[in-house]
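Worksheet for the structure shown next.
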Amino acid sequence: MVRVGDKLIGYATDPDVRSRGASGGLVTAVLAAALEKGLVEGVVVLKRIDEYEAIPVITDDVQEVLASGGSMHAVPVNLAKYAAGRKIAMPGKPCDVRGVIEQAKRNGVDLESTYIVGLNCGGTMHPVVTREMLVRMYETDPEDVAGEEIEKGKLIFRTKDGEEKAISIDELEDAGYGRRENCRYCTVKIPTSADLACGNWGVIGEVAGSATFCEVMNEKGKRLLDNAIDVGFVEVRPADGKAIAIREKVNSAMLKLGDEWKERVFTGIPDQERLTYYMEQFADCIHCGACKEVCPVCTCGEDSKCTMFHSLADNYRMSMYHMVRLLHLSDSCIGCGQCSDVCPVDIPVTSIFRRFADPAQKKRNYEPGMDLTRPPFLEVMLK
Amino acid sequence: MKESIYTTVCPGCSIGCGLYIRESDKGAVSVDFLKSSPVNLGKLCRFGMRLPHYYSRLVSGKAEGQDCGTEDAVRAAASRLKGAGKIAMLSVGNTTCEEHIAFMKLAETLGTVVHTGIPVYAQLPPECHPHLEGMPFIDIENAEKIVLFIDPYVQYPLLVRRLLAAKRNGAYIISAGRTELHLAHENRKLSPEQCAELDLDSGSLIITDVHPHTDPCHIQQLLNIALDTGARLQVMKPFVNSEGADRLAKSRAGMMGISQIMSGIERGDIRTLVLLDSDPVELMPDTSRAVEVLKKLEDLIVISSRDSPVNAIADVVIATEPLYRKKGTFINAEGKLQENSGQGIDGIDAISMLSRELGADGFDHRQVHGYLHERMIETLASENRKPEYCRMECGTVPAQQNGACTLEYMYNPFMWFSQPDDNGFVLLDRGMVKSLRLKKGGTVRLDSEKGSMDMRYKVEKVPEGTILTGRKLPIATATVTKIKAEGC
């Protein structure tokens, strides 16, 4: 039996799952065990299409979970939307987890029946940009790539013939490649608001590359892991002090980098230029609504103020759609980057929303998606 | 909890945006983002985001007013086609290359050709046709000067990001369209012949489109400009596989536009019309008139993957699977071959069955796909072509009549299909608002010979006396309709 707060090293007992998993297959095995024992009705997995493409599917088939894509840096989807209204388990980067929690605050998700296995995340990359980066920076045919990993500040690609090429993330990002912009300034790298927080940071020695560091964050996490151990899907042992220290050191380094990027991206705008700035940023908007559709913290559905107050026939200098969304998301935007990804005219929507939300969230010392104890501050203010 | 996921392209226009369609076991359809698609990086416009509505209109087979299955519909169609004369066949490119080829084989059996509905090709010398074929969209981003004869925000929204990238790369952008574009450095009311004033050269790019109602003079003039200056032409097209349908055409010499087909029906030169995923009721500016004309046909046979207005007046409807489920390929406006992940072959099988009923050989997907490879795969990756045609004598594009008030339909690929949208308004200029004493938030009354309607309006910088609409309005008689406007 594990306890809340335990920091463990674990892996899947099935040798095949362990060898296919990026870090010993523990996450896959925990999710499969939850399904096997009826803890949940379905599991969200990434169905792998190729190295750069996977699509989220919800499955009730244990074998499909065991065969799923695992963690893929070049598949920047947010899984929170897939959790709504279902009794499921899901893996999740910090932004996936934060999306689910913000939805739970707005009654979009029932957290009692949703299990989240969090994955450490240093950032994700856009698949098309990644392909271009492979050709230009790595001089590698994207079709030859068999795997990738981020380690010690470097992005490493492994080719089918076993060759590895590593380039520092700083160098890649200076050249306009590497992680998506929102990932660079993200300030949550270990998903401590998930039920389990897993990753390869702190996995050292003989198990490096074949085991997962797993922290039990709450009672649900304990239930998940106990269940997986009971059915014999995973084995765990306590992490030693050195492993814990290394995990913390990697996290601190990543957070420091995130803060530096934040300073670079969010340069100040003089008060008198703010309106012009926001008007200009959204001037090319074609009102497709995709940014709302993909937003993992938006639970309004069809009856939303941003669309009700907006009409294409309006002649306002800035559309009500954006005005309402800027305000609405000021207490909930987690900076996941989905809106920027899908914007058909390449408006850096996430950065604009984060820029707007950041001062308000800072002022109230409020970080969205981190816990359920604090309600959205706009809701509190309106009451 | 089971669902099927299809990798497909958006049927909205010829850009060919990649996306996923999710289909639940109860038939509900939703869209997901295919971020690895190099054409659009998973991004979609308003039409793409509303595809579940587009795909919600399921088609069912019918013959002689009765619902029926495919076999009965095919037999009924064959019975009408046997011995029928004065047949016309239309496929504008709303389906896969493979189905279009199958339709062309059927046309051979019937001793006719498949028309693609765009009249420009028939009116240009054949040596010009390759210059209307697409070029890689990335070339837009690398152009030095770009002249736009389209409104990309409304007509081809996924071009906007390419144009903005071009602008970041230093391109100078001139809009020659009817509305002022935010992304343009310069908005000028230019006719094609005035392009000569723009100092274009081989680093320049002209973006226009061809659709069923394009004035051939417009394209002739732009081809002349390209010849004189070395500027390149990117010609956008309205339908998902317009480029494929165009490239597959054996000869464009006798190719009829949709308007010509409708005139042929009115004159009695066409008595039987066979349509493959092409609806003249949607495509003609005057909907009610189009229905009247089609009712004059002796035989109206529709092969369709979706319910559309023409189905209601067809004698026979052969229903096929929705586009995203079809096994097959498309060619987008940059000449890129794209493939559906679906494995549906109902459409090809139905056309093959019809062919056999008419006494000819049948065919399967493998055969028609093989024909596609034979015909054109090697031509897809075409190099930047140097103009190899002679300068054309051409008329002038009709100028705007000063003083007269006209309603202009901005031919918009996305609004033909009764999509729920909030673009139910017209654009007019501030001068007209003042002269008609229109009230803020009010409506403008538009009168044409077809009737009267009140519309909300938005103030834009549009040419004096022009009222623009992004949606086909019931009072329109053509793409440009003379109207009277008054405040109400």
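The values are calculated or read from the model by the stated rules, or taken from the named source; none is laboratory data. Being a predicted model, the structure only gives us computed values, none of them experimental. In this analysis, Cβ positions are derived from the backbone assuming ideal geometry, glycine residues included, and neighbour counts consider all displayed protein chains. The protein model used for the area step is the full one, side chains on, heavy atoms only, and it has no ligands, DNA or RNA in it. Shrake-Rupley method; radii C 1.70, N 1.55, O 1.52, S 1.80 Å.
Quick one: in the stretch B:229-269, which of the residues that are surrounded by fewer than 17 Cβ atoms within 10 Å (Cβ to Cβ) and part of a helix (DSSP H, G or I) is farthest from the chain's Cα centre (by Cα)? Show your work before the answer.
Narrowing the stretch B:229-269 to residues surrounded by fewer than 17 Cβ atoms within 10 Å (Cβ to Cβ): B:230, B:250-251, B:253-254, B:263, B:266-269.
Now narrow it down to the ones that are part of a helix (DSSP H, G or I): B:263, B:266-267.
On the way: B:263: 20, B:266: 23, B:267: 26 Å.
Result: B:267.
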### Summary
Taking the stretch A:94-140 and keeping residues open to solvent by less than 10 Å² (accessible area, probe 1.4 Å), part of a helix (DSSP H, G or I) and within 14 Å of another protein chain (Cβ to nearest Cβ) leaves A:127, A:130, A:133, A:134
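If I ask for residues that are within 23 Å of residue A:44 (Cβ to Cβ) and without any contact (Cβ under 8 Å) to a residue 60 or more places away in the chain, which ones from the stretch A:125-146 would you list? Don't jump to the end; show me each part of the working.
Of the residues in the stretch A:125-146, the ones within 23 Å of residue A:44 (Cβ to Cβ) are A:125-127, A:130.
A:125, the sole residue that qualifies.
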### Message
Just the residues that are loosely packed, with under 14 Cβ neighbours inside 10 Å, over 23 Å from the mean Cα position of the chain (by Cα) and charged (D, E, K, R), please, taken from the stretch A:152-173.
### Response
A:160, A:161, A:163, A:164
## Note on the structure
The condition of being free of Cβ contacts under 8 Å to residues at least 12 places away in the same chain, out of contact with any helix residue (DSSP H, G or I) (no Cβ under 7 Å at 6 or more places or on another chain) and of a type in the set (A, V, I, L, M, F, W, C) holds, among A:283, A:243, A:253, A:239, only for A:283
### Enumeration of residues in the stretch A:39-57 that are within 14 Å of chain B (Cβ to nearest Cβ), of a type outside the set (Asp, Glu) and open to solvent by 20 Å² or more (accessible area, probe 1.4 Å)
A:46, A:47, A:48, A:49
#### Entry: Residue satisfying all of: in the stretch B:404-426; open to solvent by less than 20 Å² (accessible area, probe 1.4 Å) and modelled with pLDDT of 90 or more; nearest to the other protein chains (Cβ to nearest Cβ) among these
B:426
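Determine which member of the set A:216, A:207, A:188, A:265 is at pLDDT below 95, open to solvent by less than 20 Å² (accessible area, probe 1.4 Å) and not basic (Lys, Arg).
Working: A:216 fails: at pLDDT below 95; A:188 fails: at pLDDT below 95; A:265 fails: open to solvent by less than 20 Å² (accessible area, probe 1.4 Å).
One residue alone meets the criteria, A:207.
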### Message
I'd like the residue in the stretch B:145-168 that is more than 13 Å from chain A (Cβ to nearest Cβ) and either open to solvent by 10 Å² or more (accessible area, probe 1.4 Å) or β-branched (Val, Ile, Thr) (or both) and, out of all such residues, is farthest from residue B:227 (Cα to Cα).
### Response
B:150
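Would you say residue B:177 is touching a strand residue (DSSP E or B) at 6+ places or on another chain (Cβ under 7 Å), part of a loop (DSSP other than H, G, I, E, B), more than 14 Å from chain A (Cβ to nearest Cβ) and closer than 22 Å to residue A:344 by Cα?
Numbers: touching a strand residue (DSSP E or B) at 6+ places or on another chain (Cβ under 7 Å): yes; part of a loop (DSSP other than H, G, I, E, B): yes; more than 14 Å from chain A (Cβ to nearest Cβ): yes; closer than 22 Å to residue A:344 by Cα: yes.
When the stated conditions are applied, residue B:177 passes them.
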### Query
Quick one: which of A:86, A:136 is of a type outside the set (A, V, I, L, M, F, W, C), modelled with pLDDT of 95 or more and either more than 19 Å from the chain's Cα centre (by Cα) or more than 25 Å from residue A:36 (Cα to Cα) (or both)?
A:136
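Please specify each residue of the stretch B:290-330 satisfying the condition of being in a helix (DSSP H, G or I) and open to solvent by 20 Å² or more (accessible area, probe 1.4 Å).
B:291, B:292, B:309, B:312, B:313, B:325
Scan the stretch B:439-458 for residues that are open to solvent by 30 Å² or more (accessible area, probe 1.4 Å) and either of a type in the set (A, V, I, L, M, F, W, C) or within 14 Å of chain A (Cβ to nearest Cβ) (or both) and report the count.
Filtering the stretch B:439-458 for residues open to solvent by 30 Å² or more (accessible area, probe 1.4 Å) gives B:439-441, B:443, B:445, B:447, B:449-450, B:452-454, B:456, B:458.
Checking which are either of a type in the set (A, V, I, L, M, F, W, C) or within 14 Å of chain A (Cβ to nearest Cβ) (or both) leaves us with B:439-441, B:443, B:453-454, B:456, B:458.
Final tally of qualifying residues: 8.
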### Message
I need the full set of residues from the stretch A:61-93 which are open to solvent by 20 Å² or more (accessible area, probe 1.4 Å), in contact (Cβ under 8 Å) with a residue 24 or more places away in the chain and polar (S, T, N, Q), in order please.
### Response
A:68, A:71
### Summary
In the stretch B:295-310, anything within 19 Å of residue B:100 (Cα to Cα) and in contact (Cβ under 8 Å) with a residue 40 or more places away in the chain is listed as B:301, B:303, B:304, B:305, B:306, B:307, B:308
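Of all residues in the stretch A:220-243, which are assigned to a loop (DSSP other than H, G, I, E, B) and surrounded by fewer than 19 Cβ atoms within 10 Å (Cβ to Cβ)?
Restricting attention to the stretch A:220-243, the residues satisfying the condition of being assigned to a loop (DSSP other than H, G, I, E, B) are A:231-233, A:239-240.
If the condition is that a residue be assigned to a loop (DSSP other than H, G, I, E, B) and surrounded by fewer than 19 Cβ atoms within 10 Å (Cβ to Cβ), then A:231, A:232, A:240 are the ones that fit.
So which residues in the stretch B:152-174 are in a loop (DSSP other than H, G, I, E, B) and either in contact with a Lys or Arg (Cβ under 7 Å, 6 or more places away or on another chain) or more than 21 Å from residue B:460 (Cα to Cα) (or both), if there are any at all? Please lay out each step first, then the result.
Initial filter on the stretch B:152-174 (in a loop (DSSP other than H, G, I, E, B)): B:152-156, B:169-171.
Selection gives B:169, B:170, B:171.
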## Note on the structure
Checked the stretch A:312-339 for anything farther than 15 Å from residue A:283 by Cα and of a type outside the set (A, V, I, L, M); matches are A:325, A:328, A:330, A:331, A:332, A:333, A:335, A:336, A:337, A:338, A:339
### Message
Give me the helices (runs of 4 or more DSSP H) completely within the stretch B:1-106, filtered to those with at least 3 residues that are more than 14 Å from every other protein chain (Cβ to nearest Cβ) and more than 29 Å from residue A:284 (Cα to Cα), ordered by residue number.
### Response
B:70-81
#### Entry: Set B:131, B:211, B:185: member being modelled with pLDDT under 95 and either farther than 29 Å from residue B:466 by Cα or surrounded by fewer than 18 Cβ atoms within 10 Å (Cβ to Cβ) (or both)
B:131
### Query
Failed condition for residue B:338, given (1) in a loop (DSSP other than H, G, I, E, B); (2) over 19 Å from residue B:103 (Cα atoms), with all others met?
(1)
### Task
Among the helices (runs of 4 or more DSSP H) lying completely within the stretch A:271-362, list those that include at least 2 residues that are of a type outside the set (A, V, I, L, M, F, W, C) and touching a Cys at 6+ places or on another chain (Cβ under 7 Å).
A:320-328
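For (1) buried (at least 17 other Cβ atoms within 10 Å of the Cβ); (2) under 25 Å from residue A:126 (Cβ atoms); (3) within 14 Å of chain B (Cβ to nearest Cβ), each residue gets a yes or a no:
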residue	(1), (2), (3)
A:296	yes, yes, yes
A:299	yes, no, no
A:303	no, no, no
A:337	yes, yes, yes
A:341	yes, yes, yes
A:359	no, no, no
A:366	yes, no, no
### Query
Has the stretch A:279-286 got any residue that is away from chain B (no Cβ under 14 Å) and out of contact with any Asp or Glu (no Cβ under 7 Å at 6 or more places or on another chain)?
no
